[in-house]
Amino acid sequence: MSITRPAPARTRRKESPMTAPAPTDVALAVRGVTKTYEAPGRSVEAIRHLDFAVRSGELVCVVGPSGAGKTTLLRCVSGLLELSGGSVELDGEPVTGPPPGMAVVFQEYGRSLFPWMTVRQNVELPLKEKGLAKAERKRLAREALEAVGLADSGDAHPWQLSGGMQQRVAIARAVAYEPTVLLMDEPFAAVDAQTRADLEDLVRRLWERLGVTVLFVTHDIDEAVYLGERVLVLSNRPTVLMEDVRVDLPRERDQLTTRSDPRFGELRGHVYELIQRAKAGQRPDGDLPALPEPDALTTDAELEGNAS
Amino acid sequence: MTARLALRKVVMTLALPVVLVAAWWIATADSTSFFWPPLEDIVRTFPETWTADRWLHDVLPSLGRLGIGYAVALVAGIAFGTAIGLSKTLRALTEPTLEFFRAVPPPVLVPVIALFTGYTSSLSKVGTIALGCVWPILLNAVDGVRGLEPVLLDTAQTYRLGRWRRLTYVILPGASPRIVAGARQALSIGVILMVISELFGANRGLGATIVQFQRSFAVPQMWTGIILLGLIGVALSVLFRLIENRVLAWYHGQREIERGA
């Protein structure tokens, strides 16, 4: 039970060894994290042991059955929750509280925006705290709102916008903050399917453009495979890592071709099976299904395009 | 269309007062009762009772004391309420005491306060008003702060908002709907205490004047005083509503949309 390093056993790494992750390449390291909620006379073991690393500029999805402690994990990583054991390191610094350079997008978009401020004020507030000059704040806010397609909504209040737009505001606020690591906690769980597809593409686009490290928690298997470069599959509670699945899909993704790619189907099927096993209470030390090798359809040329 | 709506609103607002005044006017028109003089007499007495001198030396000083007492209550209520709301320890420490003080009707404190601050001093009246007004504000502020959306606090924390910014941009605005509700309750308490605080040891002031009219059987004058008090109450609540609409515009807008959806 220590699937640690980002490169899984079956990496078909054809790119030059120069790009192999050096230790400094790790943006986010989760080392032997455990979390037990202690209440008088009762204690609940939420996370038994988690060990993984996210390389700088990587987009990693975390998926697991409901109640798998996904949100607990994210709160531990973001420094909002104290660990019971182990450590989380961001850029080599241990995380003891919310670290600088980290932004979090919460699931409850409607409740993470300050309703008494306009959209622009919401985006600018963290920048104010950063001590940026007014002109700089304005520029960053404008660019971030443009990037999420809300250039004209800056003066509206969040509650005047639709759910999908509100989540865009939360994303814009995170983007304007210029974080090195972006954590997203089931951000699209409460929006309709079409909006969700748009927002997924928005996240991919922003990630590619900004080169930010993203840890994206979701319960949606399709979403995890579609978005991620890797998918961390969690067991049910108390949580351990079931498998660290490398998503060897081309880097260029879009809703239509990627989702109809046979390899997408295989990966989804594999993660689905892992989740089913996890739900049934199976742990990673058991006999887990193996992900089929990518067949001839996924050419090496495509994989090379996937190289990060 | 909007003009018609506005007209409709004015008519709706004024309809009941007009009916009540008319009813009073007609019912007392031929009254010979000493205690129920015709409304016509009362209205005629109004300007000669509330002269410039009375405004200057009775009404305005009373309103001034109300303003100061209310402001003190507002500041103290919000400051202590927020502190208590934010600190578990402070809450555990103060809760029973607060319940005790809240349960004591402020009018019974008037003589006690007067004892400490001087029987005829303005301070005793301001103190009475402040002490009566502070509880609804304080207790609502505690609840408002405790009821803050946890996701908002998480957001403030992940963006590392400092203490002061968290207080002014997140905590106080978040608690403001409750604080305003408390302030509204406090305002009506304040008006009552403005009068009551002048019942003892005061010979000038709005409340004192009305009581003097009562005691000297100047019945029409007494009625004008009561009407004036009522009008002051209306004016204050209109003023309050105006401020509330500014401060809580976001809250009312949000509620409207939530209800509509």
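The values are calculated or read from the model by the stated rules, or taken from the named source; none is laboratory data. Keep in mind that what you see is a predicted model, and the values were worked out from it rather than measured. Heads up, the Cβs are rebuilt from the backbone with ideal geometry, glycines too, and the neighbour counts pull from every protein chain shown. Areas reflect the complete protein model, heavy atoms only, side chains present, ligands, DNA and RNA absent. Shrake-Rupley method; radii C 1.70, N 1.55, O 1.52, S 1.80 Å.
Per-residue ellipticity at 222 nm, computed for chain A from helices alone with -39500 (n - 2.57) per DSSP H run of at least four residues, works out to -10500 deg cm²/dmol. Using every pair of separate Cα atoms, the Kirkwood estimate puts the hydrodynamic radius of the range A:168-253 at 13.8 angstrom. Counting, for every residue in A:169-177, the Cβ atoms of other protein chains within 10 Å of its Cβ and taking the mean gives 1. Of the residues making up the range B:132-158, those losing 10 Å² or more of accessible area when the isolated chain is joined by the remaining protein chains, with a 1.4 Å probe, are B:Glu149, B:Val151, B:Leu152, B:Asp154, B:Thr155, B:Gln157, B:Thr158. Measuring r between the beta carbons of B:Val18 and B:Asp53 and using R0 = 45 Å, the FRET efficiency lands at 0.90.
If you build the convex hull over the alpha carbons only and average its shadow over all orientations, what do you get for the range A:114-171? Give it in nm² to one decimal. Orientation-averaged projected area of the Cα hull: 3.5 nm². Full extension of the chain between B:Arg215 and B:Gln185 gives 7.8 nm of extra length, using 0.36 nm per residue less the Cα-Cα distance. Our note on the geometry: Cα centres of the range B:77-151 and the range B:182-261, 20 Å apart. Residues considered: A:Pro65, A:Pro158, A:Pro289. Largest GNM mean-square fluctuation over chain A, using C-alpha springs under 10 Å, is found at A:Pro289. Rounded to the nearest angstrom and listed largest first, the equivalent-ellipsoid semi-axes of the range B:25-184 from its Cα gyration tensor are 43, 20, 16.
The GNM of chain A, with springs linking C-alpha atoms under 10 angstrom apart, assigns the highest mean-square fluctuation among A:Leu132, A:Leu256, A:Leu145 to A:Leu256.
On a full-extension model of 0.36 nm per residue, what is the gain between B:Ala6 and B:Asp143, subtracting their alpha-carbon distance, rounded to one decimal in nm?
Full extension of this stretch gives 45.6 nm more.
Taking chain A as a Gaussian network of alpha-carbon nodes connected by springs under 10 Å, the highest mean-square fluctuation of the residues A:Ala151, A:Ala224, A:Ala39 belongs to A:Ala39. Placing unit charges on each Cβ (+1 for Lys and Arg, -1 for Asp and Glu) gives chain B a dipole about its Cα centre, and among B:Leu172, B:Ala103, B:Phe80 the Cα reaching farthest toward its positive end belongs to B:Leu172. Of the residues A:Gln194, A:Phe264, A:Val175, the one whose Cα sits farthest toward the positive end of the charge dipole of the range A:169-291, with +1 on the Cβ of Lys and Arg and -1 on the Cβ of Asp and Glu, is A:Val175. Taking 27 Å as the straight-line reach from the Cα of A:Lys138, the lysines in range (excluding those fewer than 8 positions away in the same chain) are A:Lys128, A:Lys130.
Between the range B:2-46 and the range A:84-141, the C-alpha centres lie 59 angstrom from each other. When the charge dipole of the protein assembly as shown is built from unit charges on Cβ atoms (+1 for Lys and Arg, -1 for Asp and Glu) and taken about the Cα centre, the candidate among B:Trp50, B:Leu231, B:Ala92 whose Cα reaches farthest toward its positive end is B:Trp50. Here the Debye sum runs over all C-alpha atoms of the range B:103-193 as equal scatterers in vacuum, and log10 of I(q)/I(0) at q = 0.17, 0.22 Å⁻¹ comes out as -0.75, -0.96.
Given a Förster distance of 25 Å, report the FRET efficiency between A:Ala135 and B:Val247 from their Cβ-Cβ distance, rounded to the nearest 0.05. Efficiency at R0 = 25 Å is approximately 0.30.
Computed over the Cα atoms of the range A:74-204, pair by distinct pair, the Kirkwood hydrodynamic radius stands at 15.3 angstrom.
Plainly put, the protein assembly as shown has a radius of gyration that is 1.16 times its Kirkwood radius, both from alpha-carbon atoms, as the Rg/Rh ratio.
Using the Cα coordinates of chain A, the gyration tensor eigenvalues translate into equivalent-ellipsoid semi-axes of 31, 24, 19 Å, sorted from longest to shortest. Using only the C-alpha atoms, the convex hull of the range B:40-135 corresponds to 132 Å³ per residue.
A Cβ-based charge dipole, computed about the Cα centre of chain A with Lys and Arg at +1 and Asp and Glu at -1, lands at about 700 debye.
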